[in-house]
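Notes for the one structure printed next.
Just so it is clear, none of the values below were taken in a lab; they were calculated from the coordinates. Note that this is a predicted model, so its numbers are computed, not measured. Ideal geometry is used to build each Cβ from the backbone, glycine not excepted, and the neighbour counts take in all protein chains shown.
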Amino acid sequence: MKTEFAPSLLSADFSQLKEELKSVKDSDYLHFDVMDGVYVPNITFGPALIKALRPHSDLPFDTHLMITKPERYIEEFAEAGSDILTVHLEATEHVHRAIQMIKDLGIKAGCSLNPATPLEGLKYLLPDLDQVLIMSVNPGFGGQKYIPQITEKIKSLAKIIKENNYDCKIEVDGGIKTHNLKKIVDAGADIIVAGSAIFGQKDPAAALAEMRRIAENG
Ligand SMILES: O=C(CO)[C@@H](O)[C@H](O)COP(=O)(O)O
Ligand SMILES: [Fe+2]
């Protein structure tokens with residue numbers, strides 16, 4: 001399967017988001033990092049921003065909710081125009097209910113794991129998930145360094161998905177750059193989130209094209 005890319009707007013220029021969206025029109029998704037200052041030590045934006053940007057892109061909006069008890073806001077983020085909503089396993093006692101709520105709204109559901117969270121908690125969720133978002137940095141900030149032991153975690157999850165024939169993609173998020181991309185793709189990542197490696201560059205379109213080339217040819 002061809003590797004897909006989800007540029008994270010967290011590293012974009014917030015004063016020019018409309019233009020920034022256009023620069024990555026050749027990507028597969030747009031990744032929105034929603035942070036509440038409680039679940040993670042940073043605050044970004046809510047559904048109003050997603051709604052405002054929705055008419056300016058045809059790409060699927062991949063919304064990563066780094067918020068406590070995300071079930072409180074799932075409907076709002078879906079209505080704002082998210083095509084995929086991902087909640088953190090660690091952010092609610094009722095993660096299966098949250099996933100069910102997302103699916104009942106007719107959009108795709110993802111579950112994210114922090115670097116220290118083992119894969120075991122996914123066991124009874126995987127049949128219902130469209131994607132697992134493996135965090136390869138501690139969530140909260142862009143521009144951090146990839147945690148090397150996550151490569152093993154991606155390989156283990158890819159094996160579980162393959163053995164059980166689950167229809168679930170693996171998305172990997174944090175610290176992915178041109179130098180480590182191929183290793184992460186080879187481990188089993190289907191979707192690559194990249195913030196600083198794309199929007200932190202002078203020419204985001206060229207940076208995305210170069211990442212695609214590396215994912216395909218090494
Ligand atoms: O969810 C997060 C951070 O919590 C990410 O989506 C980052 O925005 C990725 O940024 P880079 O590590 O690629 O700069
Ligand atoms: Fe993210």
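Using a simple spin-label model with points 7 Å from Cα along the Cα→Cβ vector, what separation in nm is obtained for T178 and I147?
My value for the distance between the label points is 2.8 nm.
If we count every other residue with Cβ under 12 angstrom of V40's Cβ, Lys/Arg +1 and Asp/Glu -1, where does the sum land?
-3
Taking H placed 1.01 Å from N in the peptide plane, check which residues at least 5 places from A194 or on another chain put their amide H under 5 Å from its amide H.
The list, which skips near neighbours in sequence, is A6, S8.
For a quick check: with amide H placed at 1.01 Å from N, whose amide H comes under 5 Å from T178's, ignoring anything fewer than 5 positions away on the same chain?
none
Residue by residue through the range 117-134, which ³J(HN,Hα) values in whole Hz follow from phi under the Karplus form 6.51 cos²θ - 1.76 cosθ + 1.60 (θ = phi - 60°), with glycine and proline marked x?
Karplus values, whole Hz, x for Gly and Pro: 7, x, 6, 3, x, 7, 3, 8, 9, 3, x, 9, 9, 8, 7, 10, 9, 8.
At 222 nm, what value in deg cm²/dmol follows for the chain if DSSP H runs of at least 4 each add -39500 (n - 2.57) and the sum is divided by all its residues, to the nearest 500?
Dividing the helical sum by the residues of the chain leaves -9000 deg cm²/dmol.
Please give, to one decimal in nm, the separation of the simple spin-label points placed at E216 and N164, each 7 Å out from Cα toward the Cβ.
3.3 nm
What is the distance, in nm, between label points placed 7 Å from the Cα along the Cα-to-Cβ direction at T68 and at I43?
Placing both labels 7 Å beyond Cα along the Cβ direction yields 1.4 nm.
Using Cβ contacts closer than 10 Å as the measure, can you line up F5, F32 from fewest to most?
Ranked by crowding around the Cβ, least crowded first: F5, F32.
If each residue's Cβ is checked for other Cβ atoms within 10 Å, how do E210, E79, E20 rank with the fewest at the top?
Numbers: E210 16, E79 12, E20 20.
Lowest count first: E79, E210, E20.
Using a Gaussian network for the chain with springs between C-alpha atoms less than 10 Å apart, which of these wobbles most: N138, N165, N42?
In this elastic network of the chain, the residue with the biggest mean-square fluctuation among N138, N165, N42 is N165.
Using DSSP, restrict attention to beta bridges with both residues in the chain and report what percent are antiparallel, rounded to the nearest 5. Let's see the in-between values first.
On the way: 1 of 33 bridges.
Once the DSSP bridges in the chain are tallied, antiparallel ones form about 5 percent.
List, in the order given, every pair from K2/K155; K69/K177; K123/K177 whose Cα-Cα distance in the structure shown is over 21 Å.
Working: K2/K155 17 Å; K69/K177 31 Å; K123/K177 30 Å.
Those over the limit are K69/K177; K123/K177.
Counting only residues 5 or more places away or on other chains, whose amide H sits under 5 Å from the amide H of F32 once H atoms are built in the peptide plane?
Here the answer is D62, T63, H64, since their amide H atoms fall under 5 Å of that of F32.
Take the alpha carbon atoms of the range 61-97, find their center, do the same for the range 145-206, and report the distance between the two centers in whole angstrom.
Going from one Cα centre to the other spans 21 Å.
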